[in-house]
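Derivation of every value follows stated rules applied to the coordinates shown; laboratory data play no part. Since the model is a prediction, treat every value here as computed from it, not as a measurement. Every residue, glycine among them, receives a Cβ derived from its backbone with ideal geometry; neighbour counts consider all protein chains shown.
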Amino acid sequence: MLIEIEKSPGSSIGIKLTSGKNPIDGKNQILVESVKPASIADRCGAIYAGDQILSIDDVSFELVSLNEANQILKNCVGEFSRVEILPLSQLHSAIKSNNQQKSK
């Protein structure tokens, strides 16, 4: 899902990031740990804790560390930020499908 967020230049989107392992392939992933109440992300209503961040402003998060991800997030200084996410609900569906395939 691609979300374009309009914001004041230099303002924060309002998400806190964490890292985790993808339960399907074991690769590192960057996740939304929390959404600050009343923040831009909270008001947009499309980003939730547990969602996987795939990219911000066309910078892929596939091979970045948590520190690098936080730096990319901090450098979102324009009027718009483009955040590509894999919603937690879709991640759960992929895990369930993968587990069903393994049990066959």
Return the distance in nm (one decimal) between the two label points of a simple spin-label model at K16 and R43, each offset 7 Å from Cα along Cα→Cβ.
2.1 nm
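May I ask you to derive the relative contact order of the chain, considering only C-alpha pairs under 8 Å and at least 6 residues apart, and to give it as an integer percent?
On the way: 176 pairs, mean separation 35.3, N = 104.
It comes to 34 percent, rounded to a whole number.
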On C-alpha positions alone, give me the angle between the axis of helix 88-103 and the longest principal axis of the chain, in degrees, nearest 10.
20 degrees
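Taking 0.36 nm per residue of separation and subtracting the Cα-Cα distance, what length does fully extending D57 through N75 add? Let's see the in-between values first.
Working: separation 18, 0.36 × 18 = 6.48 nm, distance 0.99 nm.
Roughly 5.5 nm would be gained on extension.
Given C-alpha coordinates of the chain, what is the ratio Rg to Rh with the Kirkwood estimate of Rh? Mind showing how you got there, number by number?
Numbers: Rg = 14.3 Å, Rh = 14.2 Å.
In the chain, Rg relative to Rh is 1.01.
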What area, in nm² and to one decimal, does the C-alpha convex hull of region 1-61 cast on average over all directions?
4.4 nm²
